[in-house]
1. Quick one: which of 81, 95, 62 is in contact with a strand residue (DSSP E or B) (Cβ under 8 Å, 6 or more places away or on another chain), closer than 20 Å to residue 150 by Cα and crowded, with 19+ Cβ neighbours inside 10 Å?
2. Mind listing whichever residues of the stretch 30-59 are out of contact with any strand residue (DSSP E or B) (no Cβ under 6 Å at 6 or more places or on another chain) and either within 26 Å of residue 104 (Cβ to Cβ) or part of a loop (DSSP other than H, G, I, E, B) (or both)?
3. With respect to residue 49, is the statement that it is under 17 Å from residue 148 (Cα atoms) and free of Cβ contacts under 8 Å to residues at least 40 places away in the same chain true?
4. Is there a residue being under 18 Å from the mean Cα position of the chain (by Cα) and either more than 18 Å from residue 133 (Cβ to Cβ) or at pLDDT 85 or above (or both) anywhere in the stretch 60-82?
5. Residue 142 fails exactly one of the following numbered conditions: (1) in contact with a helix residue (DSSP H, G or I) (Cβ under 7 Å, 6 or more places away or on another chain); (2) at pLDDT below 95; (3) surrounded by fewer than 17 Cβ atoms within 10 Å (Cβ to Cβ). What is the number of that condition?
């Protein structure tokens, strides 16, 4: 059987920093949808890679699968490798909004190489968060593939954002009134107060005074 690991509940967006009460609230509002991961096998372009595997799409609401062959055309084959849950968390809505704002909104399929010839990749998870995908990419162990979000999934994520996403309020930085009215050079003991009251110390250089 293909190994499916979904550890995003602990890996995403600093969830381990939340208190028990906050974590329960996040998990209570989490929503999941099963998605089938379709991988394409095609001939490699170098002598070191006989075949190349790529994630090409996901199938919303797919039934469980274990490397089911979908089609073959010449040397190219496509497999429904596995079905995993795509889970949305309230704490990650900023990441989802960022993804949906892209010209081509994408999901991220996280794969890991195995030593099995018949099942060369494990499907670790599927995420809608580009931030979580970047975490997996940075670990050097996993393969991150982008696939277009199907319309059904796009509508589902958009509805989730409408319900749970809150834009962070912009906080205007307060100006320092003391510094705002401070006049450069006044009262500085290093400056001749009779002639150079308004000259800053950094402007005084040997031979530069006129």
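1. 81
2. Hits for the stretch 30-59 are 45, 47, 48.
3. It is false that residue 49 is under 17 Å from residue 148 (Cα atoms) and free of Cβ contacts under 8 Å to residues at least 40 places away in the same chain.
4. no
5. Condition (3) is where residue 142 drops out.
So that you can scan it fast, the table gives a plain yes or no per residue for (1) at pLDDT 95 or above; (2) crowded, with 16+ Cβ neighbours inside 10 Å:
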site	(1), (2)
5	no, no
14	no, no
25	no, no
31	no, yes
41	no, yes
52	no, no
57	yes, yes
113	no, no
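The values are calculated or read from the model by the stated rules, or taken from the named source; none is laboratory data. The structure presented is a predicted model; accordingly, all values stated were derived computationally and were not measured. Because the Cβ atoms are built from the backbone with ideal geometry, glycine has one as well, and the counts that use them run over all protein chains shown.
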